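Following: one structure in structure tokens, then a few remarks.
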Amino acid sequence: MITLVDTTLRDGEQAPGVAFSIDEKMEIAKVLSDIGIKEIEAGTSVMGGEEAEAVKAVVGLGLPVKIFTWNRIVEKDIEASLLCGVKNLYISCPVSDIQIQNKLRKTRNWVKERFTKIIPALKKDGCYAACGLEDASRADVSFVLEVCRLLEELQADRIRICDTVGILTPFKAFELIAYLKGYIKIPLEIHTHNDFGLAAANALAGIKGGAGYASVTVNGMGERAGNAALEELVMALEKLEGIKTGINTKMLKKLSALVSVFSGRPVATDKPIVGDMAFSHESGIHVNGVLKHPPNYEPYPPEEVGAKREIILGKHSGKSYSVLNTLKLSAKTRRIAAACGIFA
Ligand code: MN
């Protein structure tokens, strides 16, 4: 069993140009809960205004879900989250020299000092402290381990290993998580981005390497090319690795459509799992095969994700009467097909 942390409302909303209303955030949170998600990162309280109101509103739903917020490693952010009624906090701090030096203009020691100050105080307040190691994939791995060991000592609850700019490969993701797991017991979360189209594959590899948690967003929404897509990771885990996610996969298509409408971002027709043509067949050989026995050309039945199989007539349909005659085609479609020489 793996726990998926849905961050559509936080990292997903950081997709350029996307802003959910409070009602939309509440609706997405409800459907995420219905589908079986147990942890939601709902926003960044310190932004204030509508963002903080949305976090409060999601908390107020009383869903059977752990609600998290994202925080920098500063007191102001933590106070804002506590004011929103949130006790589960991601405390994020860069661990790569690139970001420590060029973004924070601090040192590795400063990072350790901040965690040492913040985490015990959070634990004292009865909070769940999840520590996000930003840009961990570009960091010196010995420093990542040093910080992980420190966090374990400080009794942090979880460490999120972030591939912030999406440069891991499945091989490297597996190695990194397996390496860290060799030294520490604290639960790890793999947080991946899709800059090279590998976010879901990298999350899968991190899970195989020993991560018990993975961050996902619906439709893979997020900064730049986005995050690991919830629907892709769920189906890959369940179907390809036999790892349970607790997700009702039959609702995936509906959830995808909801977030697509709310975000104003259309889903590509050929997007895996949730694209409108992800289960469409045109070429004659495939149509013939799939009609005889669907597993011939489908990895799993489309109904499992709430989708439908479609047979498309087109250039590659061929002239297989036996196939085409099995289709329920309207008289008009038959006339057009005949006019195109597809069948008589
Ligand atoms: Mn991220």
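The values are calculated or read from the model by the stated rules, or taken from the named source; none is laboratory data. Keep in mind the model is a prediction, meaning the values are calculated, not measured. When we count neighbours, we look across all protein chains shown, and the Cβ atoms used for this are built from the backbone with ideal geometry, even at glycine. Accessible surface areas use protein heavy atoms only, side chains included; no ligands, DNA or RNA. Shrake-Rupley method; radii C 1.70, N 1.55, O 1.52, S 1.80 Å.
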Original post:
How many residues are more than 20 Å from R224 (Cα to Cα) and touching a helix residue (DSSP H, G or I) at 6+ places or on another chain (Cβ under 7 Å) when one looks only at region 245-273?
Top reply: 11
Subject >> Answer residue from region 142-175, given it is within 16 Å of the ligand (Cβ to nearest atom) and farther than 16 Å from Y90 by Cβ and is most open to solvent (accessible area, probe 1.4 Å) among those >> reply: I167
**OP:** Would you point out which residue out of V46, V58 is open to solvent by 10 Å² or more (accessible area, probe 1.4 Å) and free of Cβ contacts under 8 Å to residues at least 60 places away in the same chain?
**Re:** V46
Subject >> Selected residue [in a helix (DSSP H, G or I), closer than 18 Å to T217 by Cβ and at pLDDT 95 or above] from V59, V5, V46, V31 >> reply: V31
**OP:** Collect the residues in region 239-281 that are under 15 Å from the mean Cα position of the chain (by Cα) and without any contact (Cβ under 8 Å) to a residue 40 or more places away in the chain, keeping them in residue-number order.
**Re:** S256
**OP:** Output the residue which, of all residues in region 128-141 that are open to solvent by less than 20 Å² (accessible area, probe 1.4 Å) and not hydrophobic (A, V, I, L, M, F, W, C), is farthest from the chain's Cα centre (by Cα).
**Re:** D135
**OP:** Assess whether V65 counts as being more than 16 Å from the ligand (Cβ to nearest atom), touching a helix residue (DSSP H, G or I) at 6+ places or on another chain (Cβ under 6 Å) and open to solvent by less than 10 Å² (accessible area, probe 1.4 Å).
**Re:** no
Original post:
If you take the residues in region 176-192 that are open to solvent by 30 Å² or more (accessible area, probe 1.4 Å) and in contact (Cβ under 8 Å) with a residue 12 or more places away in the chain, which one is nearest to the ligand (Cβ to nearest atom)?
Top reply: P187
